[in-house]
1. Rounded to the nearest Å, what's the spacing between the alpha carbon centres of the range 31-103 and the range 132-203? Just the number, please.
2. Treating the angle as unsigned and between 0 and 90°, give the value, to the nearest 10°, between the Cα long axis of helix 325-337 and the longest Cα principal axis of the chain.
3. For K225, project a label point 7 Å along Cα to C-beta. Then give me every residue of the range 286-304 with its amide nitrogen under 20 Å of that point.
4. Place the peptides 312-323, 262-273 in order of packing, highest mean first, counting for every residue the other Cβ atoms within 10 Å and averaging per peptide.
5. Using a 1.4 angstrom probe on heavy atoms only, work out the carbon and sulfur share of the accessible area of the range 200-336 in %.
6. Rg to Rh for the range 268-345: what is it, with Cα atoms only and Rh by Kirkwood?
7. Among 45-58, 175-188, 324-337, how do they line up by average Cβ neighbours within 10 Å per residue, starting with the highest?
8. Under 5 Å between amide hydrogens, which residues at least 5 positions from G190 or on another chain qualify, with H placed 1.01 Å from N in the peptide plane?
Amino acid sequence: MYSSIKLIKRKVSKIKTIDFDNFSFGSVFTDHMFECDFIDNEWINPVIKPYEKIELEPSASVFHYGQAVFEGMKAYKDEEDNVWLFRPDQNFFRINKSSERLAIPKFPKDIFFDALKKLVDLERDWIKKGEGKSLYIRPFVIANQYAIQASPSSNYKFMIICAPATLYYTKKLKVLIADKYSRAASGGVGYAKAAGNYAGQFFPTKLAKKQGFDQIIWTDSNEHKYLEEAGTMNVFFRINDSLVTAPITDTILDGVTRKSIIQIANDMGINVIIKKISTNQLIDSAKKGDLKEIFGAGTAAVVSEIEGFQYKDQYFELSHIDNSYAKILKDELVGIQTNSRPDIHNWRFKI
Ligand code: COI
């Protein structure tokens, strides 16, 4: 039975060696990490210890079958230096949903929240204030049975590492609409935050980047007809004054930022339509001048504006718009996250 997390503190912090104004997202890690092992059908030995290498045999099943899931969450500091998480219950729920799909044992809620609170509290000096600044928190689970039979591992490691975060995208994005490769197929693992979902996007995204695009908007794998998500973010389309986004299916990640944006838009009286939207409909709207904005929403990406999209050989550039929904919704979201706007849905969680 779980009692408490062991704490081994790092003797000297690395924090003074970090230039907080000069690093890219996810490349610097804080002093400590959380680790907990699943052995003999039990999650045991929860420990917070200095961030360091972990040792695994080459036969560890994660290396061979990719049995791994993760989450992305952020901690923010307000003007009085209070530290807040945003909707951590959603990440807890989703990591276990992802785990279930990958045949990974569920992680206990009490250890998840205890670990999160203690680790983030310990690393509060790493959370900076200012535009785009936060602490990115990465819980993840890997399969580490030393055996290469293709079956679920008997052993797992649950870990949480933290990285001071800056803006993920620093400029408006150009996106390519997928017409050949797919991110996810119906009945597959697209809705889970499975490590392999991301690896599978790297090659097509690399090709898209060579053509000058920042991201791909994935379409359904049957017909490449309906717009799904952008891999690092869910996608919203403003058509005239309505905000349209795809419904969550088993090929689309149920984004926490996505559902928060929908709620905030509803609260503001913006008409939100959750429905399948096809590339042809998008192009028609763009041609008629009805397509006013496209933006992505995700934990790392927050709300990231898209300036244009390409489908096959045609590129559509969106005109600049003052007081965009993207800006209004982002300001409200970040305001809630950083405790500068009222939190009417009780989304903030104090550390
Ligand atoms: C997140 O937004 O937390 C994600 O998981 C996207 C990631 C690829 C940075």
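1. Centre-to-centre (Cα) distance: 12 Å.
2. That helix lies at roughly 20 degrees to the long axis.
3. Within reach of a label on K225: 286.
4. Working: 312-323: 10.8, 262-273: 14.7.
Highest-to-lowest ranking by the protection proxy: 262-273, 312-323.
5. Working: 2680 of 5800 Å².
Exposed carbon and sulfur together represent 46 percent of the surface.
6. Values: Rg = 14.7 Å, Rh = 14.4 Å.
My calculation puts Rg/Rh at 1.02.
7. Details: 45-58: 12.6, 175-188: 17.4, 324-337: 19.1.
Result, highest mean Cβ count within 10 Å first: 324-337, 175-188, 45-58.
8. A185
The values are calculated or read from the model by the stated rules, or taken from the named source; none is laboratory data. Bear in mind that the values here come from a model prediction, so they are computed numbers and not experimental data. No Cβ is skipped: glycine too gets one built from the backbone with ideal geometry, and neighbour counts run over all protein chains shown. The area values use the complete protein model at the heavy-atom level, side chains included, leaving out ligands, DNA and RNA. Shrake-Rupley method; radii C 1.70, N 1.55, O 1.52, S 1.80 Å.
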